[in-house]
Amino acid sequence: MSKTNECARKLAISHLNSLPDDILPSLGLRYLTRFYQFIYASASEEIINYKSARCIITYRADSFWRRVIIKTFPSFIMAMLPKIFEKQFRNCLWSNKKHPNPSPQIAFMFSTKKGKGHGSELLRRCNLSPLYVKTIKGGRAEQFYKKNGFNEYEVFEYAKRTYAMLVKN
Ligand SMILES: CC(C)(COP(=O)(O)OP(=O)(O)OC[C@H]1O[C@@H](n2cnc3c(N)ncnc32)[C@H](O)[C@@H]1OP(=O)(O)O)[C@@H](O)C(=O)NCCC(=O)NCCS
């Protein structure tokens, strides 16, 4: 296995363990590894690390998911097929919500040793302004971002869930 593929797999395992209920991890480790191979190869995305915390920044949030699907297409179809009739996936596929804000944006963030200050320090080191993040309204992650200087930009419905778009200037 090449070094990049090994890194992609390690990142996929951490992502899967940190966000097990999220849609992307539910497509499985094989697809998640393919997703991170795309991220490593992409000029519009960047991975920022601080100790156990990882942050995936996209500088082209408007086209992020379109590019992910195109670049990982055969793997995406294979991972999606068994899920196509699941409600959570149908909601996402049929939702026509347009991306509400410009980039850069945090696409994903997770920490394998939670509550040790790694995530907050990573955000302090992330020298991007403005920086956006979409998170589930009322969740723990929203509190985490607000404690770290993010403010509410917009609240919206997507795939029948309520999300908050937050921004740090
Ligand atoms: C949110 C997250 C990235 C923060 O990283 P971290 O290294 O734990 O961050 P810090 O130690 O600097 O801050 C801890 C704060 O994060 C918040 N937090 C959010 N989810 C948490 C979780 N599952 N466990 C512990 N703290 C969590 C809490 O507000 C906590 O504050 P508190 O200690 O006062 O309760 C990390 O907890 C995580 O991976 N959560 C699960 C994945 C997630 O929700 N990602 C964000 C959505 S994109």
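The values are calculated or read from the model by the stated rules, or taken from the named source; none is laboratory data. If you're wondering where the values come from, they're calculated on a predicted model, not measured in any experiment. Positions of Cβ are generated from backbone atoms using ideal geometry, with glycine treated the same way; all protein chains shown enter the neighbour counts.
Touching a Gly at 6+ places or on another chain (Cβ under 8 Å) and either in contact (Cβ under 8 Å) with a residue 24 or more places away in the chain or not hydroxyl-bearing (Ser, Thr, Tyr) (or both) - does that describe any residue in region 132-144? The answer is yes, given that some residue of region 132-144 is touching a Gly at 6+ places or on another chain (Cβ under 8 Å) and either in contact (Cβ under 8 Å) with a residue 24 or more places away in the chain or not hydroxyl-bearing (Ser, Thr, Tyr) (or both).
May I ask you to list the residues in region 13-35 that are closer than 16 Å to Thr112 by Cα and either among the hydroxyl-bearing types (Ser, Thr, Tyr) or assigned to a helix (DSSP H, G or I) (or both)?
Ile13, Ser14, His15, Leu16, Asn17, Ser18, Pro25
Residues that are in a loop (DSSP other than H, G, I, E, B), surrounded by 13 or more Cβ atoms within 10 Å (Cβ to Cβ) and at pLDDT below 95 within region 115-138 comprise Cys126, Leu128, Pro130, listed in sequence order.
Within region 139-167, the residues that satisfy the criterion of being within 11 Å of the ligand (Cβ to nearest atom), outside any strand (DSSP E or B) and either crowded, with 16+ Cβ neighbours inside 10 Å or among the small types (Gly, Ala, Ser) (or both) are Gly139, Ala141, Glu142, Phe144, Tyr145, Asn148.
Residues of region 153-169 that are within 20 Å of Ile57 (Cβ to Cβ) and of a type in the set (D, E, K, R): Glu154, Lys168.
Please specify each residue of region 1-23 satisfying the condition of being without any contact (Cβ under 8 Å) to a residue 24 or more places away in the chain and within 14 Å of the ligand (Cβ to nearest atom).
Once the filter is applied, which keeps residues that are without any contact (Cβ under 8 Å) to a residue 24 or more places away in the chain and within 14 Å of the ligand (Cβ to nearest atom), region 1-23 yields Ile13, Leu16, Pro20, Asp21, Asp22.
Of all the criteria given as (1) surrounded by 13 or more Cβ atoms within 10 Å (Cβ to Cβ); (2) within 17 Å of the chain's Cα centre (by Cα); (3) at pLDDT below 95; (4) part of a strand (DSSP E or B), the one not satisfied by Met109 is (3).
Of all the criteria given as (1) surrounded by 14 or more Cβ atoms within 10 Å (Cβ to Cβ); (2) within 29 Å of Pro130 (Cβ to Cβ); (3) at pLDDT 90 or above; (4) out of contact with any Phe, Trp or Tyr (no Cβ under 9 Å at 6 or more places or on another chain), the one not satisfied by Asp62 is (3).
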